Amino acid sequence: MATTTLTISSKNYSSWSLRGWLLAKFAGLEFEEVVTAPDDPSARAELLLLSSSILVPCLRHDGATVWDTLAIAEYLNEIMPQAGLLPADRIQRAHCRSICGEIHSGFTTLRASLPVNLKGHFPGFKIWSRAQADIDRVCAIWRDCLASSGGPFLFGARRTMADAMYAPVVTRFLTYDVKLEPDLAAYATTIMMMPEMIEWIAAAKAEPADVEELEVEY
């Protein structure tokens, strides 16, 4: 079988790369990373939200090429159903798919005003009212899921694609000092303490290149 690869861009800035990478890790799929440089035009378009067609991350496995993050999640669930990327219960699966679709296609103000920056920390960051509305919606999603499942992950004891999809939002909240109620803060800590997140963040902090447009200025 040909080598399985996952093409990603900057680990410090790319929320989509983090999602695809976590999904593959959660599934238990062995793969090699192919990293595009931050100055690659397609990578910069993805990082700066300038492309309507995001081609990173891109999974190549057993003859299949899959580049949309939700498509990667569904593909991994199809080939490795034992990983539990979707809940076993039909109603929970529908809920999981819905909240994954929401973060995949929405929250544009949150993305633009609080870009992922794992090296950064900005205490007291002033959040726009429209971004606050996005934050409030994310918190409502988490609150509802955790109340129903009992945690520690959004759908209970096992990680699903939803936790991978919302992991970059957790990092945004920490980077920009977003205050969370205790149950939601505990969920954020659970995500950040996953071995996969620790590995990713260490690699992100070791990246030599910065993208000036994604650095907050005062």
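The values are calculated or read from the model by the stated rules, or taken from the named source; none is laboratory data. Note that the structure is predicted; figures quoted are calculated from it, not measured. Cβ coordinates were reconstructed from backbone atoms using ideal geometry, including for glycine residues, and neighbour counts include every protein chain displayed.
Being within 30 Å of VAL35 (Cβ to Cβ) and modelled with pLDDT under 95 holds for only one residue in VAL216, VAL138, VAL169, and it is VAL216.
Could we say that PHE173 is touching a Lys or Arg at 6+ places or on another chain (Cβ under 7 Å) and surrounded by fewer than 23 Cβ atoms within 10 Å (Cβ to Cβ) here? Answer is no for this residue.
Scanning segment 164-208 for residues that are of a type in the set (Val, Ile, Thr) and in contact (Cβ under 8 Å) with a residue 40 or more places away in the chain yields VAL169, THR171, THR175, VAL178, ILE201. Restricted to segment 50-118, the set of helices (runs of 4 or more DSSP H) holding at least 2 residues that are under 21 Å from ALA133 (Cα atoms) comprises 90-105, 108-113.
Residues in segment 134-154 that are surrounded by 17 or more Cβ atoms within 10 Å (Cβ to Cβ) and of a type in the set (Ser, Thr, Tyr): SER149 alone.
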